[in-house]
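These notes concern the structure reproduced below.
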Amino acid sequence: MPCKYDLLIIGDGVLDIYLNIKNFPIKEYTTTISSTMEVCPGGTAAMAVMASKLGLKVSFVDNIGNDLFGDYLIKELKIMV
């Protein structure tokens, strides 16, 4: 019986948060240090997307939270694949 998937990934689907820091304050801790923020899938979720884009049949298994971040991660993964 042939395998249904080429790759099974069990892991941590997380969101990576990137801040664009223009001037990092040394003494002034109340200064705004970031003007932009980018959020994108990371961890093994990103690896699953990349493997899929390379043409592999991928299955991704994870326990994703039932919250705003989990909803966003699922939505982004569906768009990326």
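The values are calculated or read from the model by the stated rules, or taken from the named source; none is laboratory data. Small disclaimer: the values here were computed from a predicted structure and weren't measured. Methodologically, a virtual Cβ is constructed for each residue, glycine included, from the backbone with ideal geometry; neighbour enumeration extends over all protein chains shown. For the accessible areas, the whole protein counts, side chains as well, though only heavy atoms, and no ligand, DNA or RNA atoms are used. Shrake-Rupley method; radii C 1.70, N 1.55, O 1.52, S 1.80 Å.
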Check off (1) open to solvent by 50 Å² or more (accessible area, probe 1.4 Å); (2) assigned to a strand (DSSP E or B); (3) at pLDDT 90 or above for Met37 and give me the number that stays unchecked.
-> (3)
If you check Leu56 against the conditions, is it modelled with pLDDT of 90 or more and closer than 14 Å to Val81 by Cα?
-> yes
For residues that are touching a residue at least 12 places away in the same chain (Cβ under 8 Å) and of a type outside the set (Ser, Thr, Tyr), scanning just region 54-63, find the one that is most open to solvent (accessible area, probe 1.4 Å).
-> Lys57
Over region 64-81, the set of residues part of a loop (DSSP other than H, G, I, E, B) and either in contact with a strand residue (DSSP E or B) (Cβ under 9 Å, 6 or more places away or on another chain) or surrounded by 15 or more Cβ atoms within 10 Å (Cβ to Cβ) (or both) is Ile64, Val81
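State which residue is modelled with the lowest pLDDT when the search covers only region 59-81 and only residues that are among the aliphatic types (A, V, I, L, M) and over 13 Å from Ile9 (Cβ atoms). Talk me through it step by step, then tell me what you get.
In the first step, residues of region 59-81 are kept if they are among the aliphatic types (A, V, I, L, M); the result is 61, 64, 68, 73-74, 77, 79-81.
If we keep only those that are over 13 Å from Ile9 (Cβ atoms) too, we end up with 64, 68, 73-74, 79-80.
On the way: Ile64: 90, Leu68: 92, Leu73: 91, Ile74: 90, Ile79: 87, Met80: 83.
Checked region 59-81; the qualifying residue modelled with the lowest pLDDT is Met80.
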